[in-house]
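Structure record follows, encoded as structure tokens.
The values are calculated or read from the model by the stated rules, or taken from the named source; none is laboratory data. As the structure is a computational prediction, the values presented were derived from the model and not from experiment. Quick reminder, even Gly has a Cβ in these numbers, built from the backbone with ideal geometry, and neighbours come from all protein chains shown. Accessible surface is based on the protein model in full, side chains and every heavy atom, while ligands, DNA and RNA are left aside. Shrake-Rupley method; radii C 1.70, N 1.55, O 1.52, S 1.80 Å.
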Amino acid sequence: MSDERPKIGIREYTFLDLEEEEKRAELRVSIPEVLDSQYGMHVWPCAVVLAQFIWFHRKDLNGKMVLEVGAGVSLPGVVAAKCGAKVILSDSAELPQCLQNCLRSCEQNNIAGIPIIGLTWGEISPDLLDLPNIDIILGSDVFYEPKDFEDILVTIRFLLERNQQAQFWTTYQVRSADWSIESLLFKWNLKCTNISLNTFHADKQCLAGSDLPGRHSIQMLIITLDTEATRRPT
């Protein structure tokens, strides 16, 4: 068995303001990737689309408390932090290598003091209970394995119940027409709005100077607590 450390590559992403030509804002971030196909070890197409959405809405993020779930290499969380948000990064407590990825991305982008915590979907842990008030939850490609869908939404429902004005910003890749979270959203009194990619300049095969998302079909959703449903008698 080899004890060699994984090889790390650095990918750079440049986000541009496409609407202000005279004073064009720019954000550059560098994301370390493990050069293999392990979960959470590289930037997936959904992450770039979500990061673009964050960049597009950066003026709304300054001072907001943001939690990224399933962060992996943390591109969305890093962009949010660079846009002035107070960010907490999280990934499964059972995957310390992913938590290490979060730290590596922060260090690469000179971001200090960001809490990195282990949150396992579907589990009510002390770290989950100790979270401060959250304004925005981020999650890119967390709807990857259908067996995990309900655990993810249980965690999101718990967070939104405690932070009823919060929103879950999430992107997912359409991998099967048979996969749907609609019934689970109804079950857990959640509702979602589908955001067209062209409204935030993400309807392209190449974003932020990268070759992502490519030809993959990506959807952007905002999920919130369905407060009307929670008031209905059972």
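Dipole size of segment 14-157 about its Cα centre, with +1 on Lys/Arg Cβ and -1 on Asp/Glu Cβ: approximately 400 debye, rounded to the nearest 20. Farthest towards the positive end of the charge dipole of the chain, among the residues 200, 146, 170, is the Cα of 200, using unit charges on the Cβ of Lys, Arg, Asp and Glu. Counting only protein chain heavy atoms and rolling a 1.4 Å probe, the accessible areas of 217, 30 rank, largest first, as 217, 30.
Rolled with a 1.4 Å probe across the full set of protein chains, the surface gives residue 161 an accessible area near 80 Å².
When 179, 121 are compared by accessible surface with a 1.4 Å probe, the order from highest to lowest is 179, 121. Could you count how many Lys pairs in the chain have their Cα atoms under 20 Å apart, skipping same-chain pairs fewer than 8 positions apart? Value for the chain: 7.
Per-atom-type breakdown for the chain gives carbon and sulfur 48% of the accessible area (1.4 Å probe, protein chains only). Taking all protein chains into account, the per residue accessible area for segment 154-205 stands at 58 Å² (1.4 Å probe). For the chain, adding -39500 (n - 2.57) for each run of n ≥ 4 DSSP H residues and dividing by the number of residues yields -7500 deg cm²/dmol at 222 nm. Taking the Cα centre of each part, how many Å lie between segment 102-162 and segment 163-194? Value for the Cα centre distance between the two parts: 16 Å.
Of the options [x] 13; [y] 24; [z] 29, only one is percent of Cα pairs over 33 Å apart as computed from these coordinates, and that is [x].
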